[in-house]
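Reviewing the structure listed below.
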Amino acid sequence: SNSKTAREETALINMCSAMACTAVVVPLLAVLIGGGLVKVDVTPLFMSAGKLIPAPVITGADGRALVVKNKDIRDFFVARGLKGSTTQDEIPLKGVYMFDQMGPAGWLDFSYAVAWNSSTHALDYEMSNVPLQAGVPSTKFGGIGPYIPGGLLAKVFAAAGYSVRFFCPKKLADGQFCVLTESMLGSAYKTKEEADKGAMVWHMTQYDGGRKFVRDSWLAPPWVVNDENYRKSHATFHSYNLLRLMDADGQIDEENFKLFMEKQDGQDLIFATEKALER
């Protein structure tokens with residue numbers, strides 16, 4: 001009917017407008033905040049813009065939604081946590097960690113890390129394996145974003161073939177850090193030396209005996225070298241936390257798991273691929 005068509009057109013316009021707003025305004029504000037040029041808290045604007053975007057439903061080959069209902073998250077976590085093939089005593093990053101201050105991203109389970117190289121002390125993680133909350137997080141947990149529905153970010157991870165490489169000491173102690181770099185669409189990773197002097201540099205530093213990591217980003221203009229001296233004299237562009245949900249022995253950190261469920265705010269978990277859900 002005409003009214004149905006009009007509603008569909010309105011929904012499409014709203015979705016496109018929201019996505020355009022988020023794609024342009026949010027990164028711009030993130031740069032302004034990271035550069036210290038914006039002194040007010042604009043994350044409520046981020047969140048409000050993100051909530052205008054319809055949350056996509058991701059389905060498998062059989063049409064089944066790739067979700068874990070909120071009420072089933074703990075049982076799923078207990079059943080699947082640390083069930084990957086990478087032995088935890090082989091790698092310096094151990095356990096399962098929730099994302100805090102990183103939009104709708106859920107958790108990283110390092111037993112699913114791949115390509116551990118004992119000579120370079122590097123391991124890779126395919127971000128399409130990360131579960132995400134189905135909707136948009138609150139500003140308490142979302143940081144500077146991205147404030148978009150988790151299903152949309154999951155689609156981005158999968159379509160981009162987005163993967164992160166961690167260059168870490170063989171054994172991590174508090175205050176030590178891993179240098180991170182990325183690959184998209186099959187592109188080659190930077191070397192550790194290249195990654196530690198690029199326009200954007202990422203360090204992930206251990207605290208509290210490995211119960212917490214802080215991922216810091218420094219963004220430098222093209223006319224300077226983003227080296228140790230630059231980072232000592234300039235503020236970070238963005239920081240987020242990884243909080244341990246399960247240690248290498250399979251013990252759940254109840255305090256942090258409670259925070260994770262608070263972040264979910266009744267929302268389901270959504271997955272980018274059938275492999276990520278069913279592994």
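The values are calculated or read from the model by the stated rules, or taken from the named source; none is laboratory data. Keep in mind the model is a prediction, meaning the values are calculated, not measured. Neighbour counts run over all protein chains shown; Cβ positions are idealised from the backbone, glycine included. Calculation scope for accessible area: heavy atoms of the full protein, side chains included, ligands and nucleic acids excluded. Shrake-Rupley method; radii C 1.70, N 1.55, O 1.52, S 1.80 Å.
Residues in the stretch 37-64 that are in contact with a Cys (Cβ under 8 Å, 6 or more places away or on another chain) and open to solvent by less than 40 Å² (accessible area, probe 1.4 Å): Ala49 alone.
Identify, from the list Leu185, Leu245, the residue that is touching a helix residue (DSSP H, G or I) at 6+ places or on another chain (Cβ under 8 Å), buried (at least 17 other Cβ atoms within 10 Å of the Cβ) and not aromatic (Phe, Trp, Tyr).
Being touching a helix residue (DSSP H, G or I) at 6+ places or on another chain (Cβ under 8 Å), buried (at least 17 other Cβ atoms within 10 Å of the Cβ) and not aromatic (Phe, Trp, Tyr) holds for just one of Leu185, Leu245, which is Leu245.
Considering the stretch 153-184, and only residues there that are among the charged types (D, E, K, R) and in a loop (DSSP other than H, G, I, E, B), the residue that is modelled with the highest pLDDT turns out to be Asp174. In the stretch 130-149, what residues are in a loop (DSSP other than H, G, I, E, B) and either closer than 13 Å to Met261 by Cα or open to solvent by less than 30 Å² (accessible area, probe 1.4 Å) (or both)? Of everything in the stretch 130-149, those that are in a loop (DSSP other than H, G, I, E, B) and either closer than 13 Å to Met261 by Cα or open to solvent by less than 30 Å² (accessible area, probe 1.4 Å) (or both) turn out to be Val130, Pro131, Ala134, Gly135, Val136, Pro137, Ser138, Gly143, Gly145, Tyr147, Ile148, Pro149. Kindly establish whether Phe213 is surrounded by 11 or more Cβ atoms within 10 Å (Cβ to Cβ), touching a residue at least 60 places away in the same chain (Cβ under 8 Å) and closer than 30 Å to Ala65 by Cα. No: the conditions fail for Phe213. Under 23 Å from Lys197 (Cα atoms) and in contact with a Pro (Cβ under 6 Å, 6 or more places away or on another chain): is that true of Cys178 in this structure? Against the criterion (under 23 Å from Lys197 (Cα atoms) and in contact with a Pro (Cβ under 6 Å, 6 or more places away or on another chain)), Cys178 does not qualify. Within the stretch 248-260, the residues that satisfy the criterion of being in a loop (DSSP other than H, G, I, E, B) and crowded, with 18+ Cβ neighbours inside 10 Å are Ala248, Asp253.
Please determine whether any residue of the stretch 221-230 is buried (at least 19 other Cβ atoms within 10 Å of the Cβ), in contact with a helix residue (DSSP H, G or I) (Cβ under 8 Å, 6 or more places away or on another chain) and in a loop (DSSP other than H, G, I, E, B). No, the stretch 221-230 contains no residue that is buried (at least 19 other Cβ atoms within 10 Å of the Cβ), in contact with a helix residue (DSSP H, G or I) (Cβ under 8 Å, 6 or more places away or on another chain) and in a loop (DSSP other than H, G, I, E, B). Can we say Ser187 is without any contact (Cβ under 8 Å) to a residue 12 or more places away in the chain, assigned to a loop (DSSP other than H, G, I, E, B) and within 23 Å of Thr86 (Cα to Cα)? No, not satisfied. Could you say whether any residue in the stretch 110-121 is within 18 Å of the chain's Cα centre (by Cα) and open to solvent by 20 Å² or more (accessible area, probe 1.4 Å)? Yes - at least one qualifying residue is present in the stretch 110-121.
Among residues of the stretch 65-77 that are in contact (Cβ under 8 Å) with a residue 60 or more places away in the chain and open to solvent by 60 Å² or more (accessible area, probe 1.4 Å), those with a Cβ under 8 angstrom from a residue that is of a type outside the set (Val, Ile, Thr) and in a helix (DSSP H, G or I), sequence gap 6+ or separate chain, pair up as Arg74/Phe257; Arg74/Met261. The residues of the stretch 79-89 that are part of a helix (DSSP H, G or I) and surrounded by 12 or more Cβ atoms within 10 Å (Cβ to Cβ), listed by number, are Arg80, Gln88.
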